[in-house]
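Participant: Dumping the structure here so I can ask a few things about it.
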Amino acid sequence: MRFLFAAGGTGGHIYPALAIVEELQRVVPNAEILFVGTKDRLEASLIPNYGYSFTTIWISGFRRGMHVSNILFPFRVVISMFQSYNIIRKFKPSCVIGTGGFVCGPVLAVAECLGIPTVLHESNSYPGVTTRLLAPYVRRVLLAFDETKKWLKRSANAVVVGTPTRSRLNNISKDEAVRYFNLDLCKPIVLVFGGSQGASTLNRVVAMNMHIFRERGIQLIWQTGNSEYEKYKDFITESEVYITAFIHAMEYAYAAADVVICRAGATTLAELTRSGKAAILVPYPYAAADHQRMNAQALANAGAACMILETELEKELIPKLVYLLENTEVRVTMEAACRSFGRPNATTDIVHHILEVMHTK
């Protein structure tokens with residue numbers, strides 16, 4: 001069996017695809033895998049790093065407003081359709097799977113025209129433009145949130161399964177993880193990241209409070225994002241700070257952390273709830289339909305996380321963080337509530353749907 005994956009742009013699209021592949025290879029040991037993405041986004045370095053075959057098409061997203069790159073957009077779409085046709089013709093996939101983002105558009109559209117089984121997974125509560133366009137035509141749409149269905153009224157084949165996560169998130173011990181980052185097991189560890197692209201406000205507030213972390217013996221695992229690594233890399237000299245542009249081994253980062261400070265994207269929350277970590281969620285304020293705030297609020301209302309709006313971050317971050325670190329009982333209760341939100345079987349269910357679609361005429 002051959003499986004073609006269209007995934008790219010951000011970690012929120014790529015990591016679900018990697019999780020699905022991991023489970024597919026367990027269920028179908030001889031499966032051949034090929035990823036399609038773009039040459040200048042995260043997938044170009046991340047996917048080959050995991051050892052998977054990777055090829056590219058010329059597609060890019062359409063930017064809001066008057067942007068010069070939009071002039072090329074129609075040409076990119078047409079050329080990407082031809083490129084997708086050539087990739088599919090040569091690889092001859094048994095099924096084509098997309099995990100959201102503009103890369104999915106040409107690949108899944110061509111596959112469907114050629115009569116090849118197609119499956120589309122959408123992690124966000126508010127589906128992107130590509131998902132909304134493709135949903136009525138692909139064989140099956142797999143969703144993370146039930147509320148997403150209201151945006152896909154023309155799609156009668158949508159099923160709620162959750163967001164896929166990698167099984168290795170549960171397979172790393174805290175001791176092993178702390179050694180991986182060369183930190184001290186006896187001191188608290190806080191994981192800070194703003195998604196695969198980083199988060200400017202989060203980075204700035206962490207930097208301005210570095211003296212407090214130092215005074216309280218709080219250790220940091222800090223992902224800045226590629227665009228801001230140069231600005232903050234000097235903190236590497238701090239003996240209790242592990243700082244990097246991007247964390248490839250997130251399973252170690254979650255396992256090491258006592259508290260996580262992060263955004264509230266769907267993939268992040270799926271990994272967080274599977275890991276069962278106490279967290280301070282700082283939703284991205286410009287997310288479509290404000291879905292990150294709604295995601296964070298749902299966990300906060302259930303006692304599964306704390307939520308701080310970005311406008312309140314400077315004032316509230318340190319008090320809430322110190323409270324969680326100093327109150328073990330509160331943190332343990334939050335961890336249990338967080339795990340209750342998880343869908344550990346999501347990846348298995350998704351693979352079941354993929355195989356079912358392939359064998360349904």
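The values are calculated or read from the model by the stated rules, or taken from the named source; none is laboratory data. Bear in mind that the values here come from a model prediction, so they are computed numbers and not experimental data. All Cβ positions, glycine included, derive from the backbone under ideal geometry; neighbour counts span all protein chains shown.
Participant: For the range 143-158, name all the residues that are touching a residue at least 40 places away in the same chain (Cβ under 8 Å) and in contact with a helix residue (DSSP H, G or I) (Cβ under 6 Å, 6 or more places away or on another chain).
Facilitator: Across the range 143-158, the qualifying residue is only 144.
Participant: If you don't mind, another one. State yes or no: is residue 167 among the polar types (S, T, N, Q) and under 27 Å from residue 249 (Cα atoms)?
Facilitator: Against the criterion (among the polar types (S, T, N, Q) and under 27 Å from residue 249 (Cα atoms)), residue 167 qualifies.
Participant: Return the residues of the range 1-58 that are acidic (Asp, Glu), in contact with a Lys or Arg (Cβ under 7 Å, 6 or more places away or on another chain) and either farther than 20 Å from residue 92 by Cβ or in a loop (DSSP other than H, G, I, E, B) (or both); say none if nothing qualifies.
Facilitator: 22
Participant: Moving on. Does residue 139 meet the test of being at pLDDT 90 or above, within 26 Å of residue 271 (Cα to Cα), in contact with a helix residue (DSSP H, G or I) (Cβ under 8 Å, 6 or more places away or on another chain) and charged (D, E, K, R)?
Facilitator: Against the criterion (at pLDDT 90 or above, within 26 Å of residue 271 (Cα to Cα), in contact with a helix residue (DSSP H, G or I) (Cβ under 8 Å, 6 or more places away or on another chain) and charged (D, E, K, R)), residue 139 does not qualify.
Participant: Another question about this same structure. Quick one: would you say residue 278 is among the small types (Gly, Ala, Ser) and at pLDDT below 95?
Facilitator: Considered against the rule, which asks whether it is among the small types (Gly, Ala, Ser) and at pLDDT below 95, residue 278 comes out as no.
Participant: So is residue 237 of a type in the set (S, T, N, Q), modelled with pLDDT under 95 and buried (at least 20 other Cβ atoms within 10 Å of the Cβ) or not?
Facilitator: no
Participant: Would you confirm whether any residue within the range 174-188 is over 30 Å from residue 326 (Cβ atoms), surrounded by fewer than 16 Cβ atoms within 10 Å (Cβ to Cβ) and modelled with pLDDT under 95? Outline the logic, then answer.
Facilitator: Taking the range 174-188 as the starting set, the residues that turn out to be over 30 Å from residue 326 (Cβ atoms) are none.
No, there is no match, as no residue in the range 174-188 is over 30 Å from residue 326 (Cβ atoms), surrounded by fewer than 16 Cβ atoms within 10 Å (Cβ to Cβ) and modelled with pLDDT under 95.
Participant: Looking at the range 113-144, which of its residues are in a loop (DSSP other than H, G, I, E, B) and either basic (Lys, Arg) or surrounded by fewer than 22 Cβ atoms within 10 Å (Cβ to Cβ) (or both)?
Facilitator: 114, 115, 116, 126, 128, 136, 137, 139
Participant: Still on this structure: Only one of 206, 178, 260 is assigned to a strand (DSSP E or B) and either in contact (Cβ under 8 Å) with a residue 40 or more places away in the chain or of a type in the set (Val, Ile, Thr) (or both). Can you tell me which?
Facilitator: Checking each option against the conditions leaves just 260.
Participant: Within the range 327-347, restricting attention to residues that are touching a residue at least 60 places away in the same chain (Cβ under 8 Å) and in contact with a Leu (Cβ under 8 Å, 6 or more places away or on another chain), which residue is surrounded by the most Cβ atoms within 10 Å (Cβ to Cβ)?
Facilitator: 338
Participant: Report every pair of residues separated by at least 6 positions or lying on different chains whose Cβ atoms are under 8 Å apart, first residue within the range 28-54 and in contact (Cβ under 8 Å) with a residue 24 or more places away in the chain and under 14 Å from residue 8 (Cα atoms), second assigned to a helix (DSSP H, G or I) and among the acidic types (Asp, Glu).
Facilitator: What qualifies is 35/43; 37/43.
Participant: Does residue 153 count as loosely packed, with under 13 Cβ neighbours inside 10 Å and not β-branched (Val, Ile, Thr)? Full working, then the answer.
Facilitator: Details: loosely packed, with under 13 Cβ neighbours inside 10 Å: yes; not β-branched (Val, Ile, Thr): yes.
Considered against the rule, which asks whether it is loosely packed, with under 13 Cβ neighbours inside 10 Å and not β-branched (Val, Ile, Thr), residue 153 comes out as yes.
Participant: Which numbered condition in (1) surrounded by fewer than 19 Cβ atoms within 10 Å (Cβ to Cβ); (2) at pLDDT below 90; (3) assigned to a loop (DSSP other than H, G, I, E, B) is the only one that residue 198 fails?
Facilitator: Every listed condition holds for residue 198 apart from (1).
Participant: Can I ask one more? Would you check which residues across the range 230-255 are farther than 26 Å from residue 273 by Cβ, among the aromatic types (Phe, Trp, Tyr) and not in a helix (DSSP H, G or I) and list them?
Facilitator: Listed by number, the list is empty, since nothing qualifies.
Participant: Tell me whether the range 286-304 contains one or more residues that are assigned to a loop (DSSP other than H, G, I, E, B), touching a Leu at 6+ places or on another chain (Cβ under 7 Å) and on the phi < 0 side of the Ramachandran plot.
Facilitator: no
Participant: Next up: With respect to the numbered conditions (1) assigned to a helix (DSSP H, G or I); (2) among the aliphatic types (A, V, I, L, M); (3) in contact with a strand residue (DSSP E or B) (Cβ under 6 Å, 6 or more places away or on another chain), which one is the sole condition not fulfilled by residue 280?
Facilitator: Unmet for residue 280, out of (1) assigned to a helix (DSSP H, G or I); (2) among the aliphatic types (A, V, I, L, M); (3) in contact with a strand residue (DSSP E or B) (Cβ under 6 Å, 6 or more places away or on another chain): (1).
Participant: Separate question: Would it be correct to say that residue 192 is surrounded by 21 or more Cβ atoms within 10 Å (Cβ to Cβ) and assigned to a strand (DSSP E or B)?
Facilitator: yes
Participant: What number of residues within the range 274-305 are without any contact (Cβ under 8 Å) to a residue 40 or more places away in the chain and surrounded by fewer than 17 Cβ atoms within 10 Å (Cβ to Cβ)?
Facilitator: 7
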